[in-house]
Amino acid sequence: MIPAKHAIFQTSWVVTDLEAAARRWHAATGIGPFLINRHIRITDPIHRGAPCAVDFSTALAQAGDVQIELVQQHNDGPSCYRDTVPAGGESMHHVAIMPDDYDAAVQSYLDQGFAVASSGLFGDVRFCYIDCVSATGCMMEIIEDSPGIRAFFGAVRKAAEQWDGDTVTLLRDL
């Protein structure tokens, strides 16, 4: 079993339009800015055990200690996103952890009978989505801890801390 020390630091929603969703999130919650990473390149993408590239973009914002991620899939192919949210739909998709030991965390979920829905590399950082829908109602993303990914997520937090709330700067490309 996964130790409780692996705090959930991110919640993620699949949306149909990143910019419109970010504006809705800001209007409802006041959070921002949303940093947009368009058409993310993933190395060695695997979905349900087979190579399968997905074209997607994300928008990230910090809300206190929790990061909010919005995901828009641009193509119609299979993906961990389409596994739970059909094309044209919007819904919560996953929560994310960054454990000290990536391999042990993944193995812990596999030992419980959960399956890896998708995996790959974001730069040199391994990640995977574990299909925990039967237990939690959503996927679990496991992200390998590294200085680079911490710097990336730190930039999202810093943007929120320095943001003046101006809606003109609500959306920023990374």
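The table below lists the values:
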| read-out | value |
| --- | --- |
| Candidates D100, D83, filtered to the one that is modelled with pLDDT under 95 and not aliphatic (A, V, I, L, M) | D100 |
| Total residues in region 85-116, condition over 23 Å from L35 (Cα atoms) and within 14 Å of the chain's Cα centre (by Cα) | 0 |
| Pick from region 73-97, criterion of a type outside the set (K, R) and in a helix (DSSP H, G or I), ranking: surrounded by the fewest Cβ atoms within 10 Å (Cβ to Cβ) | D83 |
| Given (1) under 20 Å from L171 (Cβ atoms); (2) out of contact with any strand residue (DSSP E or B) (no Cβ under 6 Å at 6 or more places or on another chain), index of the condition A22 fails | (2) |
| Those residues of region 105-135 which are more than 26 Å from H74 (Cα to Cα) and open to solvent by 50 Å² or more (accessible area, probe 1.4 Å), in sequence order | Q107, L110, D111, Q112, G113, S134, A135 |
| Verdict on R82 being among the charged types (D, E, K, R) and in contact with an Asp or Glu (Cβ under 6 Å, 6 or more places away or on another chain) | no |
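The values are calculated or read from the model by the stated rules, or taken from the named source; none is laboratory data. From a predicted model like this one, the values you see are computed outputs, not experimental measurements. When we count neighbours, we look across all protein chains shown, and the Cβ atoms used for this are built from the backbone with ideal geometry, even at glycine. Only protein heavy atoms, including side chains, enter the accessible area calculation; ligands, DNA and RNA are left aside. Shrake-Rupley method; radii C 1.70, N 1.55, O 1.52, S 1.80 Å.
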